[in-house]
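See structure below.
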Amino acid sequence: QVQLVESGGGLVQPGGSLKLACAASGFTFSSATMNWYRQAPGKQRELVASIGSSGITGYQGSAKGRFTISRDNVDNMVYLQMNSLKPEDTAVYYCSTQLENLNFWGQGTQVTVSS
């Protein structure tokens with residue numbers, strides 16, 4: 001079955017960096033578009049970044065210029081490097097993919113940006 005397992009979250013000071021990782025299994029990873037979403041308390045889940053099977057990337061909003069999504073098709077991993085973190089980046093970050101019109105999600109990893 002499809003499994004997405006995120007890791008790498010934690011507490012970081014404003015201006016700091018974190019690298020999130022997502023281990024994927026149960027599907028043909030190399031053919032799938034992979035996404036990172038986030039959900040802050042009291043807010044809707046929002047798309048942060050996507051990476052296609054060809055490696056083409058896309059970013060939303062404030063992630064542009066600060067975050068970098070990447071993938072490793074050998075180890076079936078997708079990463080989100082987050083730099084210059086701000087308190088408003090505080091959220092649960094989710095790895096996701098869509099297969100045959102079904103959305104799959106990981107359990108999420110908490111990122112807290114605070115001094």
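Just a few scattered comments:
- Some residue of the range 68-75 being in contact with a Cys (Cβ under 7 Å, 6 or more places away or on another chain) and closer than 16 Å to GLN3 by Cα: no
- LYS19 being out of contact with any Cys (no Cβ under 6 Å at 6 or more places or on another chain), in a strand (DSSP E or B) and open to solvent by 60 Å² or more (accessible area, probe 1.4 Å): yes
- Tally of residues being under 16 Å from LEU102 (Cα atoms) and hydrophobic (A, V, I, L, M, F, W, C) across the range 20-35: 5
- Just one of (1) assigned to a strand (DSSP E or B); (2) surrounded by fewer than 11 Cβ atoms within 10 Å (Cβ to Cβ) fails for ALA24. It is (2).
- Filtering the range 19-60 to residues that are in contact with a Leu (Cβ under 9 Å, 6 or more places away or on another chain) and among the charged types (D, E, K, R) leaves LYS19, ARG38.
- Selection within the range 89-109 - open to solvent by less than 60 Å² (accessible area, probe 1.4 Å) and aliphatic (A, V, I, L, M): ALA91, VAL92, LEU99
- Taking first residues from the range 66-88 that are closer than 11 Å to ALA24 by Cα and open to solvent by 70 Å² or more (accessible area, probe 1.4 Å) and partners that are in a strand (DSSP E or B) and among the small types (Gly, Ala, Ser), the Cβ contacts under 9 Å between residues at least 6 apart in sequence or on separate chains come to ASP75/ALA23.
The values are calculated or read from the model by the stated rules, or taken from the named source; none is laboratory data. Everything numeric in this text was worked out from a predicted model, so none of it was measured. All Cβ positions, even for glycine, are placed from backbone atoms using ideal geometry, and neighbour counts span all protein chains on display. To get the accessible areas, we keep the full protein, side chains included, count just its heavy atoms, and leave off ligands, DNA and RNA. Shrake-Rupley method; radii C 1.70, N 1.55, O 1.52, S 1.80 Å.
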